[in-house]
1. Looking at the calculated P(r) for region 9-59, what percent of the C-alpha pair distances fall above 12 Å?
2. At Arg55 and Glu68, where each label point lies 7 Å from the Cα along Cα→Cβ, what is the point-to-point distance in nanometres?
3. Restricting to Cα atoms and excluding each atom paired with itself, what does the Kirkwood estimate give for the chain in Å?
4. Taking springs between alpha-carbon atoms closer than 10 angstrom, which of Leu59, Leu41, Leu25 fluctuates most in the Gaussian network model of the chain?
5. How big is the dipole moment of the chain about its Cα centre under a simple scheme where the beta carbon of each Lys and Arg is +1, that of each Asp and Glu is -1, and everything else is neutral? Debye, nearest 20, please.
6. Take the Cα gyration tensor of region 61-106, multiply each eigenvalue by 5, square-root it, and list the three semi-axes largest first, rounded to whole angstrom.
Amino acid sequence: MAVVLTRRSFWAPYPFPSAALDEPLREPGKDNCWGGPTQALTAMRAPRWMPHDGRTPELLCLLRRWLEAQLRANGFYQQMNPETGVFLQDKGAYTPSALTFLLACRHLA
């Protein structure tokens with residue numbers, strides 16, 4: 001069965017939010033939260049499963065969006081607002097975010 005990525009759920013402008021966009025209880029602006037922000041750890045793991053499931057075009061879109069957001073930021077942050085791509089500020093030295101940057105460079109080169 002094919003999975004359809006819908007804007008109102010998880011295919012945000014900066015995929016994938018940690019809670020569906022149409023979830024009334026999500027908290028996209030809350031620091032260190034799995035209640036809505038897009039997580040670097042999720043993006044870092046996406047290249048392991050998306051091509052296997054035939055989602056390479058979506059993977060490249062996800063990596064482009066992460067790379068775009070990271071180039072605007074001045075560090076490697078843990079999570080961002082899934083609708084704006086603005087990172088929630090932490091120490092700016094989150095290893096999965098740096099690895100996502102390197103993965104994006106590798107896959108998009």
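Just so it is clear, none of the values below were taken in a lab; they were calculated from the coordinates. It should be emphasised that the depicted structure is a prediction, and the values quoted were computed from it without experimental measurement. So basically every Cβ, Gly included, is an ideal-geometry build from the backbone, and we count neighbours across all protein chains shown.
1. I get 63 percent for the Cα pairs in region 9-59 exceeding 12 Å.
2. It is 1.9 nm.
3. When all Cα pairs of the chain are included, the Kirkwood radius is 13.8 Å.
4. Leu25
5. Dipole size: approximately 260 debye.
6. Output for region 61-106: semi-axes of 15, 13, 8 Å.
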